[in-house]
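K.L.:
Mind looking over this structure? Questions follow.
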Amino acid sequence: MHGEGDERWALRVDRRRAEETRQALIGRGLLDREHRPRSEGESLLLPLTAEVPGAEPAIFVPFPQRDDLARHELVGGIAIMQEEDRAAAETILASRPSLHTVVFPTGPVAGEFRTREFRVLAGEPTTRTVVTEHGHRFAVDLAHAYFSARLSTERQRVRSMMAAGERVCDMFAGVGPFAISLAGGASLVVAADLNPAAVSLMCENIRMNRCRNVLPVLADAAHLPGVFSRTFDRVVMNLPMESAHFLRAAFALCRPGGTIHYYALQEDEGAYLDLIGTFPAAAVAERRVRSYSPGEWHAVYDIAVGE
Ligand code: SAM
């Protein structure tokens, strides 16, 4: 170990073709992922786990140990910290090659669009990134449209319940993660949102994921029954604080025998069963999706719609 780093075998590659070589080395288990690659002019030095033809010795700085990092959540190439600590942000940024920005939320998730403001603590001054989730890619902008990576398992659960060729309505679609995740099993997905920035990102995501059956709609979900009839097999209602106001619209969109996924934030089990009972529900199954704050959790009610 030298003062400035560790000596390792290195492969010198042209920076423009470095990613190709990096992937090939990963495939052969030869890339040393504990050390940070190093730039030298037009070349990039990639650290190796073993000597290969053409390798040369070089000094590399180790990535910081992930266990020592301040608490943060990853959304694509952005780390969201829980504390405003610029030095810790620089360490987080250096810990993963895939990160381009570290931010700190300066306010709560708020307003109709469910967005929040951020301060960039390290890296590129942007709140935009691309998230990869179960084979799909989503362009997101944390400051301008809601996105939660924590719902990826829930999206797959709903996808696994679908029969081929369903007609789906996502009433509060955001940048389209539910709509696009469900599109593979659907004949049509109508995906509405009130936030123009969310719908614009959704259009980008529809193109990026080559979805030909997702119809983005800039609209208030309350107006959807005036345009679409009661023909949807599945309706997704992910507006946890306000969904109750839109249950009537959801029942006006979902056909008898179809399913409504009603998301809510609650402190008591079954908090919304009485309300749901005022509509023609044939059966209701309630599940915890994730905890939200101490004593409060994000629940989903899968409602089988009756006549
Ligand atoms: N389903 C998306 C997801 O999982 O990432 C977004 C969910 S986010 C909690 C709720 C979304 O509903 C926001 O994008 C917000 O702009 C949108 N929204 C709020 N009120 C609405 C309304 N009346 N009609 C349509 N969309 C609305």
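K.L.:
Taking residue 279 as the residue in question, decide whether it is in contact with a helix residue (DSSP H, G or I) (Cβ under 7 Å, 6 or more places away or on another chain) and farther than 24 Å from residue 159 by Cα.
P.N.:
Details: in contact with a helix residue (DSSP H, G or I) (Cβ under 7 Å, 6 or more places away or on another chain): yes; farther than 24 Å from residue 159 by Cα: yes.
Against the criterion (in contact with a helix residue (DSSP H, G or I) (Cβ under 7 Å, 6 or more places away or on another chain) and farther than 24 Å from residue 159 by Cα), residue 279 qualifies.
K.L.:
Residue by residue through the range 117-159, note down the ones that are among the basic types (Lys, Arg), touching an Asp or Glu at 6+ places or on another chain (Cβ under 8 Å) and under 18 Å from residue 189 (Cβ atoms).
P.N.:
Scanning the range 117-159 gives a single hit, 155.
K.L.:
Is there a residue being open to solvent by 20 Å² or more (accessible area, probe 1.4 Å) and within 16 Å of the ligand (Cβ to nearest atom) anywhere in the range 83-98?
P.N.:
No: the range 83-98 contains no residue that is open to solvent by 20 Å² or more (accessible area, probe 1.4 Å) and within 16 Å of the ligand (Cβ to nearest atom).
K.L.:
Please tell me if residue 205 is touching a strand residue (DSSP E or B) at 6+ places or on another chain (Cβ under 9 Å) and away from the ligand (no atom under 14 Å from the Cβ). Let's see the steps before the verdict.
P.N.:
On the way: touching a strand residue (DSSP E or B) at 6+ places or on another chain (Cβ under 9 Å): yes; away from the ligand (no atom under 14 Å from the Cβ): no.
So residue 205 fails the test.
K.L.:
When the residues of the range 1-50 are filtered to those that are part of a loop (DSSP other than H, G, I, E, B), small (Gly, Ala, Ser) and over 19 Å from residue 96 (Cα atoms), which remaining residue is least open to solvent (accessible area, probe 1.4 Å)? Before the answer, list the steps.
P.N.:
Let us first name the residues in the range 1-50 that are part of a loop (DSSP other than H, G, I, E, B), namely 1, 3-4, 28-30, 32-34, 36-37, 41-42, 49-50.
Filter once more, keeping what is small (Gly, Ala, Ser): 3, 29, 41, 50.
With over 19 Å from residue 96 (Cα atoms) added as a condition, the list becomes 3, 41, 50.
Details: 3: 84, 41: 63, 50: 40 Å².
Among them, the one singled out is 50.
K.L.:
Let me ask another. I'd like the full set of residues that are under 18 Å from the mean Cα position of the chain (by Cα) and without any contact (Cβ under 8 Å) to a residue 40 or more places away in the chain, limited to the range 69-81.
P.N.:
First, pick out the residues of the range 69-81 that are under 18 Å from the mean Cα position of the chain (by Cα): 72-81.
Those that are under 18 Å from the mean Cα position of the chain (by Cα) and without any contact (Cβ under 8 Å) to a residue 40 or more places away in the chain: 72, 79.
K.L.:
Could I ask something else about it? So, in the range 219-240, of the ones that are within 8 Å of the ligand (Cβ to nearest atom) and not in a helix (DSSP H, G or I), which residue ends up surrounded by the fewest Cβ atoms within 10 Å (Cβ to Cβ)?
P.N.:
220
K.L.:
Same structure, new question: Quick one: count up the residues across the range 141-173 that are within 9 Å of the ligand (Cβ to nearest atom), out of contact with any strand residue (DSSP E or B) (no Cβ under 6 Å at 6 or more places or on another chain) and of a type outside the set (Ser, Thr, Tyr).
P.N.:
4
K.L.:
While we're here: Can you pull out the residues in the range 52-67 that are open to solvent by 60 Å² or more (accessible area, probe 1.4 Å), touching a residue at least 12 places away in the same chain (Cβ under 8 Å) and outside any loop (DSSP other than H, G, I, E, B)?
P.N.:
57, 66 - these are the residues of the range 52-67 that are open to solvent by 60 Å² or more (accessible area, probe 1.4 Å), touching a residue at least 12 places away in the same chain (Cβ under 8 Å) and outside any loop (DSSP other than H, G, I, E, B).
The values are calculated or read from the model by the stated rules, or taken from the named source; none is laboratory data. Keep in mind that what you see is a predicted model, and the values were worked out from it rather than measured. FYI the Cβ positions are ideal-geometry reconstructions off the backbone, even for glycines, and counts take in every protein chain you see. These accessible areas exclude ligands, DNA and RNA; they are computed on the full protein's heavy atoms, side chains included. Shrake-Rupley method; radii C 1.70, N 1.55, O 1.52, S 1.80 Å.
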